[in-house]
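The values are calculated or read from the model by the stated rules, or taken from the named source; none is laboratory data. Model, not experiment: these values are computed from the prediction. Here the Cβ is made from the backbone with ideal geometry for all residues, glycine too, and neighbour counts use every protein chain on show.
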Amino acid sequence: MATTWQFSAGISAGDEPGLEDNMMKKPDFMTWVLVPFLTILAFGLVACGDVEDDDDGSGMFVPDTSDPPGNSIYLELNSHDNNTITLAVKAEDLSNVYGIWFNLNFDGNIFSYINATEGSFLNQNGSTFFFATGKTSTVVVGITRQADAAGVSGSGTVCLLTFDGIAEGTSRFDFSLNSVADPNGNINNGVLWYGGLGTVVM
């Protein structure tokens with residue numbers, strides 16, 4: 001937590017006879033000694049306050065690919081705030097998609113699942129059913145279009161998943177039990193899935 005410091009000094013006539021006159025006659029003392037000293041002191045105290053912010057830790061994420069090929073689903077870092085990271089599950093050039101479901105596995109000793117938010121990829125021109133629940137080291141996610149909606153094609157964000165770093169270390173984020181289906185229930189077995197590596201520095 002940053003600390004704000006204030007410094008004030010007051011001199012009243014009569015506190016010390018001749019002090020005000022003496023300071024008025026010696027401006028070099030205020031200009032070259034006292035003012036720079038107080039400035040350095042103030043910056044030093046503020047810097048000390050800034051160091052305390054590091055106690056909150058820092059979360060980072062490196063994806064397995066920064067240039068995903070077509071017909072793939074991958075992770076990328078959407079945002080981070082101290083030790084909290086939000087990962088985007090992204091679709092790259094998929095065709096005729098009606099539903100996506102997967103498990104995302106991670107080290108529950110390093111990260112803790114917070115929440116999930118649906119992205120815009122599957123709810124194009126129609127409504128969806130979105131489900132996400134977190135366990136100690138797994139997030140289970142399912143998204144499907146509803147009724148007689150056609151499948152969607154292209155690229156976009158499937159969902160956002162937010163995690164809190166709870167201990168220093170590294171953790172893989174990997175997909176399992178993952179599938180992409182068309183409106184007829186056919187599974188696209190050719191989809192490539194890419195995870196990544198999360199790190200917490202406390």
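Listing for the model above:
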quantity: Options SER72, SER58: the member that is out of contact with any helix residue (DSSP H, G or I) (no Cβ under 8 Å at 6 or more places or on another chain) and modelled with pLDDT of 95 or more; calculated: SER72
quantity: Spans of strands (runs of 3 or more DSSP E) in region 89-194 with at least 2 residues in contact with a Cys (Cβ under 6 Å, 6 or more places away or on another chain) and surrounded by 13 or more Cβ atoms within 10 Å (Cβ to Cβ); calculated: 111-118
